[in-house]
Amino acid sequence: MKFVLLLFSVQLMTGAVRVYVANTDGASVSVIDAAENRVVGEVPTSKNPHAVIISPDKTRFYVPSESEDVLDVIDRASLGTIARVPLGRRPNNLAITPDGRYVYVCIRQESWVEVVDTGKLQVVKKIPVGRNPHNVYLLPDGRHMLATSMGENKLTVINTETQEPEATIPLPGVPRPAVTDRDGSHLFVQLSNLHGFIVVDCATHKVTNRILLPPAPAGAKPLIPETFSHGMAITPDEKTIWVTSLLSNSVSVFSLPELKLLATIPVGRGPDWMTIVPDASRCYVSNAGSNTVSVLDVATRKELTQIPVGKIPKRLISVELP
């Protein structure tokens, strides 16, 4: 109880930055104080949390359980569970609309994204996006979501006003994580069995570039089969893109828009996801194979430390609290 109370008091500090890490082989989200780079508490969840997001007003967490097929709705102040919303089979990544009214959740064992009404706390829509949807993202215009289909090698653009598919973008492989630039003109997409990423022109839906990461050591095998690179982030000034390598246990930094290699930074085993804090000073990388989070200095492009967290940490977010 003392530990939870400590987390409660620290969370409410104005302007504090926290990094929330989903421990996928457990039942919690670790909370890292970004000022001190240490874990200050745990948010209890259902088993096998796939990801974590926070509502725009920063009052709630939303956490899908990959094994229990529910969406945990958690009050940030009390850490109490508000609801466990039933979902389809094997929910994966999720995103929330700017007004906080709807959460979109990929249902991996189905062919749709489920839309949860955050007021009613129930699924109100199933949007077809192709087999095995894995990731979904809010696009920069705030009016569209982008869902990846691992089973059909495509991306689906969803109109959040109509809650219907609006366009599809074919890909030359199985899509994994993706990021977009601020004006939404380009997508950077990682693919299964690709040690790197592709660039997609959003106007033409064509692949315009294919970037490879530095060669991995001979005989290197990824922590997750067919997953050579999984996790990307663009700095707020849009001058660099940071990309993980599960083959070489590193993060490579490329310039934007030139996409020239600037640095490669060793991290823990199985780097899976990353987030850059709001002031762009540090990048946090979850190391699924070593149960740690690497803290990278954005300016020097060096690892500062590794923070022990829960089992198999993957998706993580950074948040400046009110």
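The values are calculated or read from the model by the stated rules, or taken from the named source; none is laboratory data. The model shown is predicted, which means the values in this text are computed figures rather than measured ones. Note that each Cβ is placed from the backbone with ideal geometry, even for glycine, and that neighbours are counted across all protein chains shown.
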Point to revise | Of all residues in the stretch 29-45 being among the small types (Gly, Ala, Ser) and surrounded by 20 or more Cβ atoms within 10 Å (Cβ to Cβ), the one that is nearest to Asn287 (Cα to Cα) | key: Ser30
Revision key, fill the gap. Of (1) without any contact (Cβ under 8 Å) to a residue 60 or more places away in the chain; (2) in contact with a Pro (Cβ under 9 Å, 6 or more places away or on another chain), Thr208 fails just (2)
Review point. For the stretch 228-237, does any single residue satisfy the condition of being over 19 Å from Pro308 (Cα atoms) and without any contact (Cβ under 8 Å) to a residue 12 or more places away in the chain?
Key: no
Check your understanding: Given the conditions (1) assigned to a loop (DSSP other than H, G, I, E, B); (2) under 16 Å from Val52 (Cβ atoms), and given that Glu110 satisfies all but one, which numbered condition is not satisfied?
Key -> (2)
Check your understanding: Tally time: how many residues in the stretch 266-290 are within 15 Å of Thr300 (Cα to Cα) and either surrounded by 22 or more Cβ atoms within 10 Å (Cβ to Cβ) or in contact with a Cys (Cβ under 6 Å, 6 or more places away or on another chain) (or both)?
Key -> 4
Check your understanding: Just to be sure, is Thr148 in a strand (DSSP E or B) and out of contact with any helix residue (DSSP H, G or I) (no Cβ under 9 Å at 6 or more places or on another chain)?
Key -> yes
Check your understanding: Which members of the stretch 31-53 meet the condition of being in contact with a Leu (Cβ under 9 Å, 6 or more places away or on another chain), of a type in the set (A, V, I, L, M) and either free of Cβ contacts under 8 Å to residues at least 12 places away in the same chain or closer than 20 Å to Ile307 by Cβ (or both)?
Key -> Val31, Ile32, Val40, Val43, Ala51, Val52
Study note, to complete from the structure: Those residues of the stretch 225-251 that are of a type in the set (A, V, I, L, M, F, W, C) and touching an Asp or Glu at 6+ places or on another chain (Cβ under 8 Å) come to a total of 2
Review point. Given the stretch 50-100, what strands (runs of 3 or more DSSP E) lie entirely inside it while holding 1 or more residues that are among the charged types (D, E, K, R), farther than 23 Å from Glu161 by Cα and at pLDDT 95 or above?
Key: 70-75, 81-86
Exercise for review: Spot the failing condition for Val189; the list is (1) within 17 Å of Lys154 (Cβ to Cβ); (2) touching a residue at least 12 places away in the same chain (Cβ under 8 Å); (3) surrounded by fewer than 22 Cβ atoms within 10 Å (Cβ to Cβ), and only one is missed.
Suggested key: (3)
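Does the stretch 256-273 contain at least one residue that is within 17 Å of Ile198 (Cα to Cα), in contact with a Pro (Cβ under 8 Å, 6 or more places away or on another chain), touching a residue at least 24 places away in the same chain (Cβ under 8 Å) and not aliphatic (A, V, I, L, M)? Walk me through how you get there before you give the answer.
We begin by selecting, within the stretch 256-273, every residue within 17 Å of Ile198 (Cα to Cα); these are 256-261.
Filter once more, keeping what is in contact with a Pro (Cβ under 8 Å, 6 or more places away or on another chain): 261.
Then drop every residue that is not touching a residue at least 24 places away in the same chain (Cβ under 8 Å), which leaves 261.
Then drop every residue that is not not aliphatic (A, V, I, L, M), which leaves none.
No; the residues of the stretch 256-273 include none that is within 17 Å of Ile198 (Cα to Cα), in contact with a Pro (Cβ under 8 Å, 6 or more places away or on another chain), touching a residue at least 24 places away in the same chain (Cβ under 8 Å) and not aliphatic (A, V, I, L, M).
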Check your understanding: When the stretch 241-255 is examined, which residues are found to be in contact (Cβ under 8 Å) with a residue 40 or more places away in the chain and in a strand (DSSP E or B)?
Key -> Ile241, Trp242, Val243, Thr244, Ser245, Val251, Val253, Phe254
**Study point:** Enumeration of residues in the stretch 113-127 that are in a strand (DSSP E or B), crowded, with 19+ Cβ neighbours inside 10 Å and out of contact with any Asp or Glu (no Cβ under 9 Å at 6 or more places or on another chain)
**Key:** Val113, Glu114, Val115, Val116
**Study point:** Residues (in a strand (DSSP E or B) and either within 11 Å of Val113 (Cβ to Cβ) or touching a residue at least 40 places away in the same chain (Cβ under 8 Å) (or both)) located in the stretch 165-179
**Key:** Pro165, Pro175, Arg176, Pro177, Ala178, Val179
Review point. Is it the case that some residue within the stretch 132-145 is within 19 Å of Glu238 (Cα to Cα), of a type in the set (Ser, Thr, Tyr), modelled with pLDDT of 95 or more and assigned to a strand (DSSP E or B)?
Key: yes
Practice item. Return the total of residues in the stretch 284-322 being part of a strand (DSSP E or B), more than 22 Å from Asn92 (Cβ to Cβ) and in contact with a Ser or Thr (Cβ under 7 Å, 6 or more places away or on another chain). Key: 5
Point to revise | Search result, residues across the stretch 1-33 that are more than 26 Å from Thr97 (Cβ to Cβ), part of a loop (DSSP other than H, G, I, E, B), at pLDDT 95 or above and not charged (D, E, K, R) | key: Gly26, Ala27
